[in-house]
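Below is one structure, written out as structure tokens, with a few remarks after it.
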Amino acid sequence: MTDRYGVFGNPVGHSKSPMIHADFARQTGQDIDYEAIEPPVDALAEAWRQFFADGGRGANVTVPFKADAVTLCDTLSHRARRAGAVNTLIAGGNGLTYGDTTDGIGLVRDLAFHRVSLTQKRVLVVGAGGAVRGIIEPLLNEQPASLVVVNRTAAKAEQLAEDFADLGAIQGGGFDSLKGTFDLVINGTSASLTGELPPLPDSLFAPNAWAYDMMYGAEPTVFLQWAGPRGAKLLDGLGMLVEQAAESFFLWRNVRPETASVREMLRQSLNVV
Ligand code: NDP
């Protein structure tokens, strides 16, 4: 029997997840169906109950539901509780749902795919929203020399640093607190969505540094367009998207799909107008 999965988002029409999971299912021979579900923004709970009552086995959760999903899950993984966000749901027995987050592991796997090591590197994360909360623990697990988080609203970055201080060397503050150079700068703000650039100093990148934008699109983001001429090597968030999906697929099916061909397929589809 075909097992049912899906993604909850609003709007969800743009989501690449159905395409990614269809490819994973094909290459691993798993019999699944994966659909896009768009509940009204204030009605995730009803759509969720219906989906699992109808036999749904698991789902992804995307904007704007990642924080709401935390309150609807019956149990949470340690990393989802800490991140305060859920992007993967798994149907347990007795109608219970288990929530996890795979965004952070997706980022770290993507960096590994591109052979970007974090160990003993100076890492800067720009932004302190929901997505950034999910990447801090996996980043600290890679034992960087230091992790600095800066945000437009400085208090959010300071709070985040406090919340994760037990895991490693992390500092948080506003843009005016930025000093020194970094080996990896991750843009985790949503500024790229509106074509804006966070106020970053010109001398941010150490020699051989990487600039990573968690957003992706057919064109390089404003942040990557800015970072290139300043000497950084560039990566966008498309690989993170594929790797977080691969981790969700593994949690559901206990089979790890291959990601290189899916990256290629998505990259090509982005460039087809
Ligand atoms: P949130 O709305 O939770 O957070 C937005 C963050 O961006 C806040 O830190 C906010 O600062 C900051 N920000 C917004 N506009 C500006 C600006 N003009 N200048 C400076 N800072 C700004 O969003 P998310 O955390 O959910 O998402 C952030 C990004 O990550 C998005 O681009 C999203 O597409 C991407 N993402 C990519 C994934 C992938 O798989 N590739 C997965 C998840 C997210 P403040 O706190 O001051 O408001």
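No lab work stands behind these numbers, since they all come straight from the coordinates. Everything numeric here is computed off the predicted structure, so don't read it as measured data. Note that each Cβ is placed from the backbone with ideal geometry, even for glycine, and that neighbours are counted across all protein chains shown.
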> Roughly how many debye, to the nearest 20, is the charge dipole of the chain about its Cα centre, given +1 on each Lys and Arg Cβ, -1 on each Asp and Glu Cβ, and no other charges?
Replying inline: 540 debye
> So what is the relative contact order of region 104-236, in percent, for Cα pairs below 8 Å that sit 6 or more residues apart?
Replying inline: 21 percent
>> What is the sum of charges, Lys and Arg at +1 and Asp and Glu at -1, for the other residues whose Cβ falls under 14 Å from the Cβ of Arg263?
In response: -3
>> Can you tally the net charge around Ser248? Count Lys and Arg as +1, Asp and Glu as -1, for every other residue whose Cβ sits under 14 Å from the Cβ of Ser248.
In response: +1
> Pick from Asp68, Asp31, Asp236: which is most flexible by mean-square fluctuation in a GNM of the chain where alpha carbon atoms under 10 Å apart are linked?
Replying inline: Asp31
>> Kirkwood hydrodynamic radius, region 28-84, all distinct C-alpha pairs: what's the number in Å?
In response: 12.8 Å
> How high is the FRET efficiency between Ser269 and Gln27 when r is their beta carbon distance and R₀ equals 22 Å, given to the nearest 0.05?
Replying inline: 0.85
> What's the angle, to the nearest 10 degrees (0 to 90), between helix 103-113's Cα axis and the longest principal axis of the chain?
Replying inline: 60 degrees
> With a 10 Å Cβ neighbour count serving as the proxy for reagent exposure, in which order, fewest first, do Phe52, Phe223 appear?
Replying inline: Phe52, Phe223
> If you build a Gaussian network model of the chain, linking Cα atoms that sit under 10 Å apart, which residue out of Ala157, Ala191, Ala218 swings the most?
Replying inline: Ala218
>> Compute the distance from the alpha-carbon center of region 12-66 to that of region 68-112, in whole Å.
In response: 14 Å
> Remind me, relative contact order of region 213-267 in percent, using alpha carbon pairs under 8 angstrom and six or more residues apart?
Replying inline: 30 percent
>> Using the alpha carbons of region 104-236, what is the convex hull volume per residue in cubic angstrom, as a whole number?
In response: 96 Å³
> By count of other Cβ within 10 Å, fewest leading, how are Val86, Val123 ordered?
Replying inline: Val123, Val86
>> Could you tell me the extents of region 74-122's C-alpha atoms along the three principal axes, largest first, rounded to whole Å?
In response: 44, 19, 12
> Can you sort His114, His21 so the residue with the fewest Cβ neighbours within 10 Å comes first?
Replying inline: His114, His21
> How big is the shadow of the Cα convex hull of the chain, averaged over all directions, in nm²?
Replying inline: 14.3 nm²
>> If the elastic network links every pair of Cα atoms under 10 Å, which of Phe51, Phe24, Phe249 fluctuates the most in the Gaussian network model of the chain?
In response: Phe51
> Summing +1 for each Lys or Arg and -1 for each Asp or Glu, what net charge is found among the other residues whose Cβ lies under 15 Å from the Cβ of Arg122?
Replying inline: 0
